[in-house]
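Trainee: Okay, handing you the structure first.
The values are calculated or read from the model by the stated rules, or taken from the named source; none is laboratory data. Everything numeric in this text was worked out from a predicted model, so none of it was measured. Neighbour counts run over all protein chains shown; Cβ positions are idealised from the backbone, glycine included. Only protein heavy atoms, including side chains, enter the accessible area calculation; ligands, DNA and RNA are left aside. Shrake-Rupley method; radii C 1.70, N 1.55, O 1.52, S 1.80 Å.
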Amino acid sequence: MYRQVLHNLSVACLADTTGYGLLENGAVVVTGEDIAWVGAFADLPPEYRDAEPVDLGGRLLTPGLIDCHTHLVYAGNRAREFEQRLEGLSYAEIARAGGGIMSTVRATREASVDELARLARPRLEALRAEGVTSIEIKSGYGLERDAEIRMLQAAGALCAEAGVRCQRTFLGAHALPPEFADCADDYIEHVCDDMMPAAVEAGVVDAVDAFCEGIAFSVPQVRRVFERARSLGLPVKCHAEQLSWLGGAAMSAGLGALSVDHLEYLRADEAPLLARAGAVAVLLPGAFYVLRESQLPPVEALRAHGVPMALATDANPGSSPIFSPLAIMNMGCTLFRMTPLEALAGFTIQAARALGLADRIGSIMPGKAAEFALWDCEHPSELSYRIGFNPCAGVFQGGQWRWRGEAA
Ligand code: NIG
Ligand code: FE
């Protein structure tokens with residue numbers, strides 16, 4: 001099998017979350033699509049000395065970034081609502097008046113699979129230009145069986161064509177569609193008994209999410225969705241405590257959720273419960289920033305209790321029209337007082353945990369997939385430091401380099 005030794009580089013291994021695991025004058029041996037060996041170049045074992053040398057020019061190698069919470073596939077945009085929020089309307093008021101998520105739903109229902117993939121392609125390219133090699137993409141703008149399936153088909157096709165690793169998440173319980181106005185329990189029954197099984201049958205679902213919130217679904221409703229998902233053998237994750245406290249995070253963690261996401265209104269005394277359950281806290285400072293939220297997630301309590309913290313773009317047309325993982329890392333530090341190490345771990349090893357894929361991706365270790373981002377940086381702290389400057393030289397995935405700026 002083709003073997004290459006990447007050398008003349010620093011490697012931030014992120015093998016655990018206590019440090020960057022920085023190797024100066026490091027080397028990584030790649031066999032096919034897997035990492036075979038990592039260490040100081042001076043210690044390269046004799047059996048790898050005949051591997052093809054690849055000189056990386058003294059740059060910094062990190063695990064490929066993992067964006068573990070996105071709504072990347074949708075049609076239309078919500079720039080007009082952005083204006084309305086600036087004129088004084090709140091996100092919840094716009095949603096209650098039939099705008100918000102529902103305005104994206106109207107446009108998304110009209111779009112074909114090809115059209116949805118075409119619209120999402122430049123968004124995915126923007127993420128990949130900043131080092132992303134794995135992404136989670138949710139449905140949730142169809143809110144009817146076939147439109148939800150089309151969104152997930154588009155997500156799969158888009159990522160397969162780009163060679164990006166993808167987790168597809170069914171988010172049928174994202175908002176109440178107009179067909180079920182005032183009948184939320186009936187819609188939840190439809191999600192559980194019709195939409196979710198059909199999407200699973202179509203082979204497009206890797207996980208199930210729900211929006212647990214006053215403007216969306218209650219804790220008992222989300223519990224029904226998750227119990228159905230678990231009965232179909234699917235992992236669950238939850239949009240919880242974003243705009244208010246309902247207790248969705250604790251309920252989800254109790255059902256073994258991979259992650260609980262947003263969490264601005266999580267109570268500090270719930271952190272031990274998340275830690276015990278092994279749920280990852282996925283923090284989304286982009287939505288916090290765009291919605292001009294003032295309630296901070298209880299980061300200190302999460303840190304103190306050892307709850308793994310991931311970061312993600314939450315890329316979506318409403319609350320987080322942000323397609324820059326580096327800007328999100330900066331926001332994680334500036335707004336949430338995370339450290340640059342926590343921010344990078346949040347986009348690599350902790351994000352891998354949030355997807356249930358930590359045995360395969362998220363750190364540079366023998367046996368994991370060879371999926372890397374290469375940076376014109378001297379130190380990994382630079383990745384959280386700037387806004388609007390992209391030092392990514394390229395990504396390595398599927399056994400090949402995609403240099404930034406080169407045609408795909
Ligand atoms: O993660 N919170 C709910 N869902 C998205 C927003 C989707 C939208 O506004 O279109 C979020 O912030
Ligand atoms: Fe979201």
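Trainee: Report every pair of residues separated by at least 6 positions or lying on different chains whose Cβ atoms are under 6 Å apart, first residue within the stretch 2-13 and outside any loop (DSSP other than H, G, I, E, B), second among the charged types (D, E, K, R).
Mentor: Taking only residues 6 or more apart or on different chains, the pairs are Q4/E52; N8/D55; L9/R59; S10/E24.
Trainee: Please go through the stretch 233-253 and give me each residue that is away from ligand 2 (no atom under 16 Å from the Cβ) and open to solvent by less than 60 Å² (accessible area, probe 1.4 Å), ordered by number.
Mentor: Within the stretch 233-253, L234, P235, G247, A250, M251, A253 qualify.
Trainee: Please enumerate the residues belonging to the stretch 213-235 that are aliphatic (A, V, I, L, M) and closer than 11 Å to A173 by Cβ.
Mentor: A216, V222, V225, A229, listed by residue number.
Trainee: Within the group E241, E227, E201, which residue is in contact with a Pro (Cβ under 9 Å, 6 or more places away or on another chain) and either among the charged types (D, E, K, R) or farther than 24 Å from A358 by Cβ (or both)?
Mentor: E241
Trainee: Here's a check for you: in the stretch 298-319, which residue that is in contact (Cβ under 8 Å) with a residue 40 or more places away in the chain and small (G, A, S) is farthest from N77 (Cα to Cα)?
Mentor: My answer is A310.
Trainee: From the list V260, V225, V204, which one is surrounded by 17 or more Cβ atoms within 10 Å (Cβ to Cβ), within 20 Å of A155 (Cβ to Cβ), within 16 Å of ligand 2 (Cβ to nearest atom) and among the hydrophobic types (A, V, I, L, M, F, W, C)?
Mentor: Only one candidate qualifies: V225.
Trainee: Given L383, L374, L344, which one is touching a Pro at 6+ places or on another chain (Cβ under 6 Å) and not in a loop (DSSP other than H, G, I, E, B)?
Mentor: L344
Trainee: Turning to a different aspect of this structure: Name the single residue, out of those in the stretch 163-184 being surrounded by fewer than 17 Cβ atoms within 10 Å (Cβ to Cβ) and small (G, A, S), that is farthest from the chain's Cα centre (by Cα).
Mentor: A181
Trainee: Would you mention how many residues in the stretch 76-102 are more than 16 Å from ligand 2 (Cβ to nearest atom) and either closer than 27 Å to A310 by Cα or open to solvent by 30 Å² or more (accessible area, probe 1.4 Å) (or both)?
Mentor: Residues flagged as more than 16 Å from ligand 2 (Cβ to nearest atom) and either closer than 27 Å to A310 by Cα or open to solvent by 30 Å² or more (accessible area, probe 1.4 Å) (or both) within the stretch 76-102 amount to 16.
Trainee: Hey, could you check the stretch 281-309 for residues that are within 14 Å of ligand 1 (Cβ to nearest atom) and part of a strand (DSSP E or B) and say which is surrounded by the most Cβ atoms within 10 Å (Cβ to Cβ)?
Mentor: Checking each candidate, the answer is L283.
Trainee: Looking at the stretch 126-156 only, could you name the residues that are without any contact (Cβ under 8 Å) to a residue 60 or more places away in the chain and open to solvent by 10 Å² or more (accessible area, probe 1.4 Å)?
Mentor: Hits for the stretch 126-156 are E144, R145, D146, I149, R150, Q153, G156.
Trainee: Something else about it: So N330 clears everything in (1) touching a strand residue (DSSP E or B) at 6+ places or on another chain (Cβ under 9 Å); (2) away from ligand 1 (no atom under 16 Å from the Cβ) except one condition, right? Which one?
Mentor: With (1) touching a strand residue (DSSP E or B) at 6+ places or on another chain (Cβ under 9 Å); (2) away from ligand 1 (no atom under 16 Å from the Cβ) applied to N330, the lone miss is (1).
Trainee: Within the stretch 267-280, which residues are surrounded by fewer than 18 Cβ atoms within 10 Å (Cβ to Cβ) and closer than 27 Å to Y91 by Cα?
Mentor: Of everything in the stretch 267-280, those that are surrounded by fewer than 18 Cβ atoms within 10 Å (Cβ to Cβ) and closer than 27 Å to Y91 by Cα turn out to be R267, A268.
Trainee: Let me ask something else about it. So how many residues does the stretch 60-75 have that are under 20 Å from the mean Cα position of the chain (by Cα) and either more than 15 Å from ligand 2 (Cβ to nearest atom) or among the hydroxyl-bearing types (S, T, Y) (or both)?
Mentor: 8
Trainee: Have a look at V54, V38 and point out the one that is open to solvent by 10 Å² or more (accessible area, probe 1.4 Å), of a type in the set (V, I, T), more than 16 Å from ligand 2 (Cβ to nearest atom) and over 19 Å from L14 (Cα atoms).
Mentor: V54 is the lone residue from the list that is open to solvent by 10 Å² or more (accessible area, probe 1.4 Å), of a type in the set (V, I, T), more than 16 Å from ligand 2 (Cβ to nearest atom) and over 19 Å from L14 (Cα atoms).
Trainee: Another question, then. Within the stretch 14-33, how many residues turn out to be closer than 22 Å to D359 by Cα and not in a loop (DSSP other than H, G, I, E, B)?
Mentor: The qualifying residues number 7.
Trainee: In the stretch 110-162, which residue that is among the acidic types (D, E) and under 16 Å from the mean Cα position of the chain (by Cα) is nearest to M329 (Cα to Cα)?
Mentor: Looking at the filtered set, the residue picked out is E130.
Trainee: Determine, yes or no, whether E213 is in contact with a Gly (Cβ under 7 Å, 6 or more places away or on another chain), closer than 20 Å to L283 by Cα and acidic (D, E).
Mentor: no
Trainee: A further question on this structure: Just to be sure I understand, how many residues within the stretch 365-406 are more than 13 Å from R128 (Cβ to Cβ) and open to solvent by 20 Å² or more (accessible area, probe 1.4 Å)?
Mentor: So the answer is 15.
Trainee: If you don't mind, there's one more thing I want to ask. Out of the residues in the stretch 99-145 meeting the condition of being within 16 Å of ligand 1 (Cβ to nearest atom) and of a type in the set (S, T, N, Q), tell me which one is farthest from V395 (Cα to Cα).
Mentor: S103
Trainee: Still on this model: Using beta carbons and a limit of 8 Å, which pairs, at least six apart or on different chains, have the first residue in the stretch 72-84 and among the basic types (K, R) and the second one open to solvent by less than 20 Å² (accessible area, probe 1.4 Å) and assigned to a loop (DSSP other than H, G, I, E, B)?
Mentor: Going by the 8 Å Cβ cut-off, the qualifying pairs are R78/G99; R78/G100; R78/P317; R78/G318.
Trainee: Criterion first (touching a helix residue (DSSP H, G or I) at 6+ places or on another chain (Cβ under 9 Å) and either within 16 Å of ligand 2 (Cβ to nearest atom) or of a type in the set (D, E) (or both)) does V290 satisfy it?
Mentor: Taking the combined requirement at face value, the residue satisfies it.
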